[in-house]
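Presented below is the structure to which this report refers.
The values are calculated or read from the model by the stated rules, or taken from the named source; none is laboratory data. As the structure is a prediction and not an experimental result, all values here were calculated from the model. Heads up, the Cβs are rebuilt from the backbone with ideal geometry, glycines too, and the neighbour counts pull from every protein chain shown.
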């Protein structure tokens, strides 16, 4: 009787824990389900490893991108600085040769925002360096060019072909191929006339070269504050120019913004008071009245140091007329 009651109590406990259902022995999960669970766990672990690897790779790429960006910026600054030093040295060595280059460069900067030109830096550098090929010419031709004196047919041919010398020099510098091409074609007429004699014409000519053709010819013609007459004279030979560029130049360069086209405050200062970026407002000459820096030249650290040295040697005037940006 006691054994029977004990079995009844055990069965009651089982029914209580199973909700009244008979409870059999606990069986192991099927082998297939065990395999699936292991596969899921392995997949989750693999995904976690891949996520960690992806995040690490993204962090590495981001770090390298920042380093490349900084390196590219430093390279650009080095490149721009090197070109500026080259232009400064040339301007000091032959100021009569580069007298108009500064004006052409400022004009290029002024009209560039109104053109659809892709690489403004190409136009700016080409405007700064286009006369470099003239260094290969005899001195008498350079002096005639600076004085706007009449040139013989042979001399004009030599002057036009000097762009080839400039191209051959610039093309050796990394990244300068588009600048070299712009300089090569800067005297090329829109109708295909002029050097180089290769049949290239119209929009086949690099855009920067078409802009330079307008600005260089304008600098040869311009004599006063109002350039309406100069543009009319150029319009008589409109076949030489890209008319869209000529219209933009007329709209923004017809009237000078101020003496020497420098926008700012005129000042008369000692060389030691000059700052980089000041624009020479009047030709700087030495004691023998030889041109040292032409009006319109933009001063740099190196040109200011030279002027200070010349002043200490009493070879230039005590004060320099400049225009300083407001």
Next on the checklist: So residue 94 passes all but one of these: (1) more than 28 Å from residue 121 (Cβ to Cβ); (2) surrounded by 10 or more Cβ atoms within 10 Å (Cβ to Cβ); (3) at pLDDT below 80. Which condition number does it fail?
Outcome noted: (1)
Next on the checklist: From the list 265, 298, 279, exactly one residue is surrounded by 12 or more Cβ atoms within 10 Å (Cβ to Cβ) and either at pLDDT 80 or above or under 30 Å from residue 192 (Cβ atoms) (or both). Which is it?
Outcome noted: 279
Checklist entry - Going by the conditions given, is residue 206 within 21 Å of the chain's Cα centre (by Cα) and farther than 24 Å from residue 77 by Cα? => result yes
Checklist outcome for this item: Scanning the range 97-126 for residues that are more than 19 Å from residue 203 (Cα to Cα) and modelled with pLDDT of 80 or more gives 101, 103, 104, 105, 106, 107, 109, 110, 113, 121, 124, 125
Next on the checklist: Against the condition in the same structural domain as residue 137 (by TED's automatic domain parsing) and at pLDDT 90 or above, how does residue 168 come out, does it pass?
Outcome noted: yes
Checklist entry - So which helices (runs of 4 or more DSSP H) stay within the range 105-196 end to end and still have 3 or more residues that are closer than 24 Å to residue 291 by Cα? => result 120-129, 139-146, 153-170
Checklist outcome for this item: When restricted to 153, 166, 180, 146, the only residue farther than 22 Å from residue 242 by Cα, crowded, with 16+ Cβ neighbours inside 10 Å and without any contact (Cβ under 8 Å) to a residue 40 or more places away in the chain is 166
